[in-house]
Amino acid sequence: MATFDGTVLEVFTDQHGSTTRLHLRLLHLAVDGPDRSGRYEVKMTTQPSGRGGGTTLFVPPEAWPQVQAFVGAVALVWLGRRALRATPGRAWRSEPRRAV
C-alpha cells in the first residue's frame, strides 16, 4: 500500500512491517516491464542510479492499472513542482533560494 500527500510518498510493506518515506524533492521513479510473467517493476529511490534509500515493488499484471494511475499522479506532481521552481519571477519556491 502507498500514500502520497503531494510532498511525501510513503510505502507500507508487509515485509517486517516496514515503511519507506520519500520526500518529493529526493524521489526518483523508474518503471520497467512487463517482464516475461507480465509483472512490472517500480523503483522508488533517493538516488538516480536506483541505489540508496527506497523500495522496489513488483506489480502483477492485474494490479498494474491502479498502480500505473498512482505512479502517474505522483509523476505529474513531481514534474509540476520542478516546472514551478524553474519558472523565473515566481514568488513561491519549494526550495530555498541560494545566493549566487
Exercise. Just for the Cα atoms in the range 2-86, what are the lengths along the principal axes, largest first, rounded to whole Å?
Worked result: 41, 26, 24
Exercise. How many nm separate the modelled label positions at LEU76 and SER18, each set 7 Å beyond the Cα in the direction of the Cβ?
Worked result: 3.1
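Find how much the distance from ALA69 to ALA30 grows on full extension, using 0.36 nm per residue of separation minus their present alpha carbon separation; answer in nm with one decimal.
Working: separation 39, 0.36 × 39 = 14.04 nm, distance 1.43 nm.
Additional length available on full extension: 12.6 nm.
Every number in this text was worked out from the coordinates using simple rules, so none of it is lab data. The structure displayed is predicted, hence computed values, not measured ones. For neighbour counting, all protein chains shown are included, and Cβ atoms are generated from backbone atoms with ideal geometry for every residue, glycine included.
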